[in-house]
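Only one structure is covered here, and it is reproduced in the block below.
Any read-out appearing in this document is the output of simple, stated calculations on the displayed coordinates, not a laboratory observation. The shown structure was predicted, so the numbers you read here are calculated from the model rather than taken from an experiment.
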Amino acid sequence: MQRPRYPMPDFIRDALAAKNLTQAYDARPPYQRNDYIGWITRAKLPATQQKRLEQMLDELEKGNAYMKMAYRGKI
């Protein structure tokens, strides 16, 4: 069973560009990119979407976490 693929909303694309994190996002495996988008967009409240977006941006900026789990990119 395959996971649904989520399209990139403009507000996420804009936030990545504003923080210069597009390259860090693109470097993540496809499943992580898709999970982040689905997780953010499934939030019912705008405040929750914003909180999740900020978590993703923080994790991408630090580069050592994915959904609050330890993450090490390819070496």
Long-range alpha-carbon pairs in the chain, meaning those over 19 Å apart, account in percent for 29 percent
Can you tell me which of 55, 32, 23 moves the most in a GNM of the chain? Springs connect C-alpha atoms under 10 Å apart. 23
Compute a Gaussian network model of the chain, connecting alpha carbons closer than 10 Å, and tell me which residue from 42, 28, 52 fluctuates the most. 42
